[in-house]
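Structure first, commentary second.
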Amino acid sequence: MSVSTVSPIRRAATGAAVTAAALALGLGLTSCSSTQASEKPSATAEQQQAPVELADAWVKATDGDMSAVFGTLKNSGSSDITLESASTPIAGMVELHETIVENGTATMRKKEGGVTIPAGKTAALEPGSTHIMLMDLKQPVKAGDEVPVTLKFSDGSTLEVPVLGKAFSGANENYDGGAEHAGH
């Protein structure tokens, strides 16, 4: 049958059927590939996603050049993991710190070895104890500000978390950071 002898109605119906079949085939292929992609995440995605969350996170509001991040690290993984470092664009330097009391004076110092969070457990970041120290602040931190912080762990994973600025009158320990930070 030549194209010139097919009625316009029959030609339209045949074209619609071909279009519908092509559309159905395309949707079937798309949903198949989407299912496969979501069932098996890439190795890069697995490496980036930390099994740790930082709950109740906050940063001390300040007009000065130092502050600290506090909260509770929760490890939902099946093995221990260590917080090795942290960073934020608002500070020139970020260190993991601990507070020790010597001769009745509380002093902060760099925490060697990071902060280990046991599998299925928590580790507290608290004023007067272990915390993330922000030094050489590039701007004040006001109550209500949201500060982006990136945590880096021993398994190569990272966690980016917004931390809320909070007015707090405590956490006024001395800093044992050497001559370059003697004024802190």
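Throughout, read-outs are computed from the coordinates displayed, never taken from laboratory work. Note that the structure is predicted; figures quoted are calculated from it, not measured. As a convention, Cβ positions derive from the backbone with ideal geometry for all residues, glycine included, and neighbour counts pool all protein chains shown.
A few notes on this one:
- Report note on the peptides 72-81, 97-106, 113-122: ranked by the mean count of other C-beta atoms within 10 Å, highest first, their order is 72-81, 113-122, 97-106.
- Proximal lysines relative to Lys166, as straight alpha-carbon distance under 24 Å, when same-chain residues fewer than 8 apart are discounted: Lys60, Lys74, Lys110, Lys111, Lys138, Lys142, Lys152
- Stokes-Einstein diffusion coefficient of the stretch 60-159, Kirkwood radius over Cα pairs, 10 °C, 1.306 mPa s, in µm²/s: 112
- Amide N of the stretch 124-145 lying under 16 Å from the label point, which is placed 7 angstrom from the Cα of Ala167 along Cα→Cβ: 141-145
- For the stretch 104-176, the set of GluC sites (Glu not before Pro) satisfying both a DSSP loop assignment and a count of at most 16 other C-beta atoms within 10 Å is given as Glu112.
- Added length on full extension, which subtracts the Cα-Cα distance from 0.36 nm per residue, Ala55 to Gln139: 27.8 nm
- Extension gain from Thr116 to Glu160, taking 0.36 nm per residue of separation minus the Cα-Cα distance: 14.0 nm
- Note on Asp80 and Glu146: their simple-model spin labels are 3.5 nm apart, each label 7 Å out from Cα toward Cβ.
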